[in-house]
Amino acid sequence: MMVALFEAPLLRKEYRESIFTINYELNHVFFWIAGYSFFAFLMALVYMIIKDIEHYQGDVECGRKTLPAVLGINITRIIVVALSLIIFFSSAYIVYKSLNDEVSILYFLAAIVLPMIFMIIFLMRSYSPEDFRRAGIAARIILIAGIFYILVAGYILNKHIII
């Protein structure tokens, strides 16, 4: 995100005429980067909170002030589910509004929706660190799958652009 924030104004200044002649808008690229950053940040946050729940006992014994140690596991689960739903609905909105091709929809369902359902189920049914580890694995899968959507987007763009 930092690269986009600092490079976009310089690119606009340097290539202003070229941008207008090829009818290309850097705002579109900025919104892609912002969407990726938003997804990656929230998913990494969810993953780290799940890891904190997994290590709850050690954090309490060492006097750490993690979210689960301060608020308790049940409230922390609610926070993780709420963050997961924010990720899910914002991603679904983007897929519906902007990425409504079949490949994107199938990828979203297989790589984001299904693992997120499993993650929430694992999280809500977990009581031991081993149980929470499964929810953490599902969160990692979602995070990696979300980042790898860039390959799917590249495929879609190359398929539709005639060079």
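Relative contact order for the chain: what is it in percent, counting Cα pairs under 8 Å that are at least 6 residues apart? Show your work: numbers first, answer last.
Details: 114 pairs, mean separation 39.2, N = 163.
Relative contact order, the chain: 24 percent.
Hey, what angle do you get for helix 114-125 against the long axis of the chain, alpha-carbon based, 0 to 90 degrees rounded to 10?
20
Hey, fewest Cβ within 10 Å first, where do S104, S37 land in order?
On the way: S104 17, S37 14.
Fewest-to-most ranking of S104, S37: S37, S104.
I need the calculated FRET efficiency for the pair Y96 and F41, taking r as the beta carbon distance and R₀ as 22 Å, to the nearest 0.05. Write out the running numbers ahead of the final one.
Working: r = 22 Å, r/R0 = 0.98.
That gives a FRET efficiency of 0.55.
So what's the back-of-envelope 222 nm ellipticity for the chain, counting only DSSP H runs of four-plus at -39500 (n - 2.57) apiece and dividing by all residues, rounded to 500? If you can, show how the numbers build up before the last one.
Numbers: 10 runs with 134 residues, N = 163.
Counting only the DSSP helices, I get -26000 deg cm²/dmol.
Excluding Y155 itself, what net charge comes from residues whose Cβ is under 14 Å from its Cβ, given Lys and Arg +1 and Asp and Glu -1?
Working: positive: K159; negative: D101, E102.
Local net charge: -1.
Please compute the Cα-Cα pair-distance distribution of the chain with 5 Å bins starting at 0, giving whole percents from short to long.
All Cα pairs considered, the percentages come to 1, 8, 15, 17, 15, 13, 10, 8, 5, 4, 2, 1, 0.
Explain nothing, just compute: Karplus ³J(HN,Hα) = 6.51 cos²θ - 1.76 cosθ + 1.60, θ = phi - 60°, for every residue of region 98-113 in order, whole Hz, x for Gly and Pro.
So the Karplus estimates, Gly and Pro as x, are 10, 10, 8, 8, 4, 5, 5, 5, 5, 4, 4, 5, 6, 9, 10, 5 Hz.
Every read-out reported here was derived from the displayed coordinates using simple, explicitly stated rules and does not represent laboratory data. Since the model is a prediction, treat every value here as computed from it, not as a measurement. A quick note on method: Cβ atoms are made from the backbone with ideal geometry, for glycine too, and the neighbour counts reach across all protein chains shown.
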